[in-house]
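The values are calculated or read from the model by the stated rules, or taken from the named source; none is laboratory data. Predicted model, so just to flag it, every value in this text is computed and none were measured. Cβ placement follows ideal geometry from the backbone for every residue including glycine, while neighbour counts extend to all protein chains displayed. With ligands, DNA and RNA removed, areas are computed over all heavy atoms of the protein, side chains included. Shrake-Rupley method; radii C 1.70, N 1.55, O 1.52, S 1.80 Å.
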Amino acid sequence: MRAIWKGAVSFGLVSIGVKLYSATEEKDIRFHQVHREDGGRIRYKRTCSVCGEEVTYDDIAKGYDIGGGEMVILTDEDFADLPLTSSRAIDVLEFVPAEQVDPILYNKAYFLEPEGTATKPYVLLRDALVDSERVAIVKVALRQREQLATLRVREGVLLLNTMLWPDEIRTPDFGFLDEDLKVRPPELAMASSLIDSMTGEFEPDVFTDDYRAALQEVIDAKVEGREVVQPEEVEEAPAAAVDLMAALKASVDRARAARGEQPARGGGGGEPTPISSARSAQKAAEKKATKAPAKKAAAKKTAEKKAAEPAKKTAAKKTPAKKAEPAKKTAARKTASRKTA
């Protein structure tokens, strides 16, 4: 690593000489803009919009747009007169508990290395921070700008974290914050159960940048002249969530299954859970859908049976009438015999 800054930590009357190193580095794959036909690099010239001439860095100043096309030009002398703290000092202002510093304030991290004979006071400050469980709030001037920062210990090394100023943090202004939304206790309990089932120790090394790895593979294939084949990923259709509680319960079961634990089951004679109730309702609906045609057929048979009953009754009435005809004929014969006699 190469030191980007040299100075001293001012700790009361103690001055600790240090070197500053960038503690992080971006691993993004960077590209150049090139001409598609011949691969030539695209260059940009610094030209003046007024005279059209190309301008060197020595002739470039900083301008502040005040509107209406007017510009205020600031020179190096203007910046030199600003009330900055010493450009080579890290002034310790106070010591505070680490949990009181909102992580949103952190900006960029730097390692501090003791310089020369400053090792002993450096170790003293480091051990005092660890023993007190505090972080130091400091001010430092980096790149012509005064910055608020913290000093804390990481792996035996003092770490300087530059911070944003409080007025650089935006205030969230979203409509849902004004809505009167109520969370039911069972939903909160289920969400807490999901958090418990997914709780573990944070190990950053297990997480990788899959996109960067895939992009590097594409670049390596281009270099080697291989044909790059991208297999199509088959996305599983997400299961429809019956309600919030059901989704939370299913998430808990999935998290437990991923850990090799037995998922919570809704049966066993206990009270039905939302997910088991939803499944029971779904099974009931399927059974109802299956029985519906049978019920229709039964209803149809019943209707046909009812329709046939009047016809049978009518036929029954007609049949006795026909049987009565011989009796009438017999009576008529007897009357005729009497008249003849």
| query | In the neighborhood of residue 127, defined by Cβ-to-Cβ distances under 15 Å, what is the net charge if each Lys or Arg adds +1 and each Asp or Glu adds -1? | reply | +2
| Fully extended contour minus Cα-Cα distance, from residue 89 to residue 203, at 0.36 nm per residue | 37.5 nm
| query | Taking only the alpha-carbon positions of region 65-214 and ignoring solvent, what does the Debye formula give for the base-10 log of I(q)/I(0) at q = 0.15 Å⁻¹? | reply | -1.06
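What does the charge count near residue 53 come to, summing +1 for each Lys or Arg and -1 for each Asp or Glu among other residues with Cβ under 14 Å from its Cβ?
Values: positive: 45, 46; negative: 54, 58, 59.
The answer is -1.
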| Cut-off under 5 Å, modelled amide H: who pairs with residue 147 long-range | 140, 141, 142
| Cα-Cα over 27 Å, subset of 27/222; 27/249; 19/139; 27/62 | 27/249; 27/62
| task | Note down the accessible area of residue 256, probe 1.4 Å, to the nearest 10 Å². | result | 60
| query | For residue 12, what is the net charge nearby, where nearby means another residue's Cβ is under 13 Å from its Cβ and Lys, Arg count +1, Asp, Glu -1? | reply | -2
| request: If a/c stays under 1.5 just call it rounded; otherwise compare a/b with b/c (prolate if a/b is bigger, oblate if not). Do that for region 1-78, with a ≥ b ≥ c from the square roots of the Cα gyration tensor eigenvalues. | output: oblate
| request: Name the residues whose placed amide hydrogens come within less than 5 Å of the amide hydrogen of residue 23, ignoring near sequence neighbours (fewer than 5 apart) on the same chain. | output: 109, 110, 111
| note | Among 206, 171, 159, the residue whose Cα sits farthest towards the positive end of the charge dipole of region 109-228 (+1 at Cβ of Lys and Arg, -1 at Cβ of Asp and Glu, taken about the Cα centre) is 159
| Per residue, how many Å² of accessible area does region 1-132 show with a 1.4 Å probe? | 79
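Run through region 93-142 and list the GluC sites (Glu not before Pro) located in a DSSP loop whose Cβ has at most 14 other Cβ atoms within 10 Å. Could the numbers behind the result be given before it?
Values: sites: 94, 99, 115, 133; in loops: 115, 133.
Here the GluC sites (Glu not before Pro) that fit, given the DSSP loop and packing criteria, are 133.
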| Whose amide H sits under 5 Å from the amide H of residue 135, counting only residues 5 or more places off or on another chain, with H placed in the peptide plane? | 96, 98
| query | Roughly how many whole Å is it from the C-alpha centroid of region 26-94 to that of region 174-198? | reply | 48
